[in-house]
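Encoded as structure tokens, the structure appears first; notes follow it.
What follows is calculated from the coordinates using simple rules that are stated; it is not laboratory data. Small disclaimer: the values here were computed from a predicted structure and weren't measured. Don't worry about glycine lacking a Cβ; one is built from the backbone with ideal geometry, like all the others, and counts go over all protein chains shown.
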Amino acid sequence: MAKTSKRLYLIPVLSKSLDILELLQAENRPMSLEMIHRRTRISKTTVYRVLKTLVHRGYLAQSPDGMYRQVMRPKKLRFGFGGQSADMPFSEEVTRSLRDAAAASGVDLVELDNRYDAATAVQNAEEFIRSKVDLIIEFNVEQSVAAIIGDKVASANIPLIAIDIPHPNATYFGVDNYRVGVEAGEMLARHAQTEWNGKVDRVIGLDLPEAGLLVQGRILGAFEAVRSALPNLPADAYLRLDGRGIRETSSKLIADYLKKYPKDRHILVAAATDTSALGVVDAARQLKRQRHIAVVGQDCIAEALEEIQSPSSPLIASVSHETNAYGPNLMQLGLALLKGQIVPPYNYVSHKLVTRTSLP
């Protein structure tokens, strides 16, 4: 009876990587790329990429003269991440980006949900400290407990990165809130000039005051941009409302306003988040006042982008905070902090205005 050969499920590039690592282990001395190439007979391109990957993951070290050597494998790093809320689309996009980047960097990501709640955020920070994570990334919307979290983490000698909302003793990472607000306001002013002949009855800022003054800069920037473009608007034309970044809350506030001022036909709304902006759309549709409102949001979440594409939608634009860049940049920043490198106190991500015409 003929023998059946067993199929080997091998990964060629992994086998080559192990050949390179085993060579360096056996030689127990620094070796150049050329030396490794000659000894293994693996292509130089593959050797180069394998070596760079092993250095990045901490298995090898490269000296200034270009030599490679094996190092004692460090323990796997653990980063604690307190997400803003699993119910908030932008927060979930940030979480996915960070999760992918952590996996690519060989970092264990310990995730807890802050649930858009101050007490929960403090409890989660305490849990990260008890777990002795190497670094904490905090996405907490409640500025009221930022100092408490910052102090607790600093007392535990754990590096802290705060996303979008500054925390004492933390390195800031996020958008330039004032500048994204300015771009939203400029878009609103252009709409008023081109669609309403410059006539505006009210400029509403759907704010997020619990996030602190820096995030409120989104509304401040929007108001300043509108004032610059439409200088004849009276001071009482500007109104700030606390939408809390929540769709239902924002919808009720705008619905109440529209019912109270039925004669207003030219209303500009700068929303601190797309979730709030979608609440504005809900209220406008419910009361059939879509033509009387123009709103610009922040974040470019998927539902907002779909809404912007509708020609009859009051949501005319959103400022993208480029969430796909959050994860890789946060990993890079966290690893730099753990290596003792000097990093800027404020680290801004790129942003761009997305309109109906700019969408594919």
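Structural remarks
- Between 0 and 90 degrees, the angle of helix 177-195 with respect to the longest Cα principal axis of the chain falls at about 40 degrees.
- Principal-axis tilt of helix 12-27 within the chain, Cα atoms, nearest 10 degrees: 60 degrees
- For His266, residues with placed amide H under 5 Å, excluding near neighbours: Asp201, Arg202
- Across region 14-70, the relative contact order, built from alpha-carbon pairs under 8 Å that are at least six residues apart, equals 40 percent.
- Taken along its principal axes, the alpha carbon cloud of region 226-305 reaches lengths of 36, 26, 22 Å, longest axis first.
- Top of Arg57, Arg69, Arg179 by mean-square fluctuation, Gaussian network on the chain, Cα under 10 Å: Arg69
- Counted charge near Gly106, where neighbours are those whose Cβ lies closer than 10 Å (Asp, Glu -1; Lys, Arg +1): +1
- Diffusion coefficient (Stokes-Einstein, Kirkwood radius over C-alpha pairs, 25 °C, 0.890 mPa s) for region 84-242: 140 µm²/s, rounded to a whole number.
- Treating each Cα of the chain as one equal point scatterer and applying the Debye formula with no solvent, the log10 of I(q)/I(0) at q = 0.15 Å⁻¹ comes out as -1.16.
- Exceeding the 23 Å Cα-Cα cut-off - candidates Lys52/Lys132; Lys259/Lys352; Lys44/Lys75; Lys16/Lys44; Lys75/Lys339; Lys16/Lys52: Lys52/Lys132; Lys259/Lys352; Lys44/Lys75
- Principal axis dimensions, region 1-142 - Cα atoms, whole angstrom, descending: 61, 56, 26
- If the chain linking Leu33 and Ala325 were pulled fully straight, counting 0.36 nm for each residue of separation and taking away their Cα-Cα distance, it would gain 101.9 nm.
- Residues listed by number, region 145-180, amide nitrogen under 13 Å from Ala336 label point at 7 Å toward C-beta: 171-174
- Restricting the calculation to Cα atoms, region 14-70 yields a radius of gyration followed by a Dmax of 9.8, 28 Å.
- Calculated FRET value between Lys76 and Gln286, using beta carbons and R₀ = 45 Å, to 0.05: 0.30
- Loop-resident sites, region 82-156, for trypsin sites (Lys or Arg not before Pro), counting at most 16 other Cβ within 10 Å (DSSP): Lys132
- Taking Cα atoms only, the orientation of helix 89-105 departs from the longest principal axis of the chain by about 10 degrees.
- Dividing the alpha-carbon radius of gyration of region 185-255 by the rule-of-thumb value 2.2 N^0.38 Å gives 1.14.
- Taking the chain and dividing mean pair separation by its residue count, relative contact order in percent (alpha carbons under 8 Å, at least six apart): 14 percent
- Here the calculated FRET efficiency for Ala302 and Asp256, from their Cβ-Cβ distance with R0 = 35 Å, stands at 0.80, rounded to the nearest 0.05.
- Taking the square roots of 5 times each eigenvalue of the Cα gyration tensor of region 177-320, largest first, gives ellipsoid semi-axes of 18, 18, 15 Å.
- Structure remark: mean-square fluctuation, Gaussian network model of the chain, C-alpha springs under 10 Å; the largest value among Ala118, Ala170, Ala156 belongs to Ala156.
- 5 angstrom amide H check on Glu111, placed H, neighbours 5+ away: Phe81
- Partner lysines for Lys199 [C-alpha distance under 17 Å; skip if fewer than 8 residues away on the same chain]: Lys263
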